[in-house]
Amino acid sequence: MKIQHHGAVNGVTGSCHQLHIDNNNAILIDCGLFQGTEKEATSNKDIEEQLTIDFDLSTIRALIVTHCHIDHVGRIPYLLAAGFRGPIYASTATAALLPLVIEDALKVGVTRNKSIINACLKRLKIQLVSLEYKSWQVLALSDLSSINTPKVKIKLQTAGHILGSAYVEIDIQNVPDIQNTQRKTDHHRVVFSGDLGAPYAPLLPAPKSPYRADTLVIESTYGDRNHQSRKNRTKQLQQIIEKAVSDNGVVLIPAFSIGRTQELLYELEQIIYQQTKKSTAKYNFWQTIDIIVDSPMAAKFTKQYQLFKNLWDKEAKREVKSGRHPLSFEQLYTVDSHQEHMQTVEYLAKRNKPAIVIAASGMCSGGRIVNYLKQFLPDNTADILFVGYQAQGTLGRDIQKYAPTSYSKGGYVFIDGKRIDIKAKTHTINGYSAHADQQGLINFVKRMRHKPKHILLVHGDEQAKSALAKKYQQLLPSAKIEIATR
Ligand SMILES: [Zn+2]
Ligand SMILES: [Zn+2]
């Protein structure tokens, strides 16, 4: 048995891991796109290199998808184009979301040609196999050596990261030692964490550790940090919005369409609901404020979140039972067409009444939020509220950096080559993260009944990986703790 990494090695994107079971059989876990600085693309040739599937597909029997973030699934069209025809296993919810994500990725990054997109989606749907959580699925392997062929089964468990997310348990019976063909161990359990969610995240339950892992491949996004103040995040959201709209301005919240937007809607509904118990001026405000989701993708995903209520956490399910609708409320508007989007920007600019706008992308590096920023950054009644990490080199990071503060008048940014002055105020709430923090990652291992003898760290910056590796070594002194390399 051998594990090879085709991404998420020098950073958090491009997740793609290959588990070689023997010389004839392998499984692929995720097939994601590289983004940002993971593998800096400076020329078309580089971009091509990032997208080409540069590994041998002939032994790959199946692809397992942990969740449908683009940096975990974005290279699937290239995998299909390269001739992969095996099953693509995913949880039921991920299987429902995946075609939407791939369609969007193709439209944005590859082609607008409908027949190419449809051909790719058709192929994808033929190969896609949805799996229930917690039930074993036997994999069909190449049967060349009959009795010597190992038996492999897989199981998905909820990961609490986004709707449908899973970590994968792979059980191999009759494991051949690739280096030494004579020797065999009878049982081996490999666990791939995918992306693990954090406790106190709204909507989805936190992940529970597996019973057993012999080898663990785990993400380490926040391997060197612990989240703070997650519990009073809703309070903070409420206070910032109330203060921000006191001058009748708009509040813009850049947010990714999958996960973050639904978390925000969930918390906004909670604030509105809490206010119904009081009949104050605040109550009136929260009953009448327009909340606009300007993203057709986010609207589609919100629908899927509503369809899969069975995956929600206890609190959210309780709310549904009591007759509430955690992801929809009276004053929520969804903007669909591009024309409607442009009209909304114009309309909000003219009127003197507050509104909350949620639009993608989360780091302002594209998407409809950009038109809002062009319009409202120079407006001193507007407020930009960041609820996610703003990576180096993104417009979001620049806005955070050059926005006015108590000691500076504020600078400017360039959008589409045009200089835009920043007069709007900015706020950042750090409590939002879809990833487990250091303690969460430690607990994931600590709470296993049979702890791993080998841990491979992926999906994190250098610092995060080495900090977490130290922690794991303290926890398991005799285990082999390794930082994955390509
Ligand atoms: Zn993810
Ligand atoms: Zn990820």
Kindly establish whether W286 is more than 23 Å from L385 (Cβ to Cβ), touching a residue at least 12 places away in the same chain (Cβ under 8 Å) and crowded, with 19+ Cβ neighbours inside 10 Å.
no
Just the residues that are more than 22 Å from the chain's Cα centre (by Cα) and either within 16 Å of ligand 2 (Cβ to nearest atom) or farther than 14 Å from H6 by Cβ (or both), please, taken from segment 70-91.
L80, A81, G83, R85, G86, P87
Note on segment 413-424: residues within 30 Å of the chain's Cα centre (by Cα) and open to solvent by 90 Å² or more (accessible area, probe 1.4 Å) are F414, D416
Examine segment 340-358 for a residue that is under 21 Å from A201 (Cβ atoms) and either open to solvent by 80 Å² or more (accessible area, probe 1.4 Å) or among the aromatic types (F, W, Y) (or both), and state whether such a residue exists.
no
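Would it be correct to say that I369 is more than 23 Å from the chain's Cα centre (by Cα), of a type in the set (A, V, I, L, M) and in the same structural domain as I241 (by TED's automatic domain parsing)? Lay out the reasoning, then the answer.
Working: more than 23 Å from the chain's Cα centre (by Cα): no; of a type in the set (A, V, I, L, M): yes; in the same structural domain as I241 (by TED's automatic domain parsing): yes.
So I369 fails the test.
Do you know which of the residues in segment 52-69 that are open to solvent by 40 Å² or more (accessible area, probe 1.4 Å) and either farther than 20 Å from I3 by Cα or in a loop (DSSP other than H, G, I, E, B) (or both) is farthest from ligand 1 (Cβ to nearest atom)?
Filtering first and then ranking leaves S58.
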So which residues in segment 1-36 are within 16 Å of ligand 1 (Cβ to nearest atom) and not in a loop (DSSP other than H, G, I, E, B)?
H17, I29
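Look through R368, R397 and report the one residue that is among the basic types (K, R), open to solvent by 20 Å² or more (accessible area, probe 1.4 Å) and under 15 Å from D294 (Cα atoms). Spell out the reasoning first.
On the way: R397 fails: under 15 Å from D294 (Cα atoms).
None of the others qualify; the one that does is R368.
For residues that are outside any strand (DSSP E or B) and open to solvent by 20 Å² or more (accessible area, probe 1.4 Å), tally how many sit in segment 441-468.
Here is the first cut: in segment 441-468, the residues outside any strand (DSSP E or B) are 441-449, 451-453, 459-468.
Now narrow it down to the ones that are open to solvent by 20 Å² or more (accessible area, probe 1.4 Å): 443, 446-447, 449, 451, 453, 461-463, 466-467.
Summing the residues that are outside any strand (DSSP E or B) and open to solvent by 20 Å² or more (accessible area, probe 1.4 Å) in segment 441-468 gives 11.
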Residue that is modelled with the highest pLDDT, among those in segment 70-100 that are open to solvent by 10 Å² or more (accessible area, probe 1.4 Å) and within 16 Å of ligand 1 (Cβ to nearest atom)
L100
What number goes with the only condition from (1) open to solvent by 100 Å² or more (accessible area, probe 1.4 Å); (2) free of Cβ contacts under 8 Å to residues at least 12 places away in the same chain that Q473 does not pass?
(1)
Does A434 satisfy the condition of being among the small types (G, A, S) and more than 16 Å from ligand 1 (Cβ to nearest atom)?
no
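Quick check on this structure: which one of L307, L327, L332, L311 is in contact with a helix residue (DSSP H, G or I) (Cβ under 8 Å, 6 or more places away or on another chain) and open to solvent by less than 30 Å² (accessible area, probe 1.4 Å)?
On the way: L307 fails: open to solvent by less than 30 Å² (accessible area, probe 1.4 Å); L332 fails: open to solvent by less than 30 Å² (accessible area, probe 1.4 Å); L311 fails: open to solvent by less than 30 Å² (accessible area, probe 1.4 Å).
It is L327.
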Please work out if D294 is farther than 26 Å from A159 by Cβ and touching a Lys or Arg at 6+ places or on another chain (Cβ under 8 Å).
yes
Which residue pairs have Cβ atoms under 6 Å apart, sit 6 or more places apart or on different chains, and have a first residue in segment 4-15 that is on the phi > 0 side of the Ramachandran plot and free of Cβ contacts under 8 Å to residues at least 12 places away in the same chain and a second that is surrounded by 24 or more Cβ atoms within 10 Å (Cβ to Cβ) and of a type in the set (G, A, S)?
none
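Yes or no, residue by residue, for (1) touching a helix residue (DSSP H, G or I) at 6+ places or on another chain (Cβ under 9 Å); (2) not charged (D, E, K, R):
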site	(1), (2)
P404	no, yes
K425	yes, no
A436	yes, yes
K471	yes, no
L476	yes, yes
I481	yes, yes
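The values are calculated or read from the model by the stated rules, or taken from the named source; none is laboratory data. Owing to the predicted nature of the structure, the values given are computational and were not obtained by experimental measurement. With ideal geometry, Cβ positions are generated from the backbone for all residues, glycine too; neighbour counts draw on all protein chains shown. Keep in mind that these areas ignore ligands, DNA and RNA; they rest on the heavy atoms of the full protein, side chains included. Shrake-Rupley method; radii C 1.70, N 1.55, O 1.52, S 1.80 Å.
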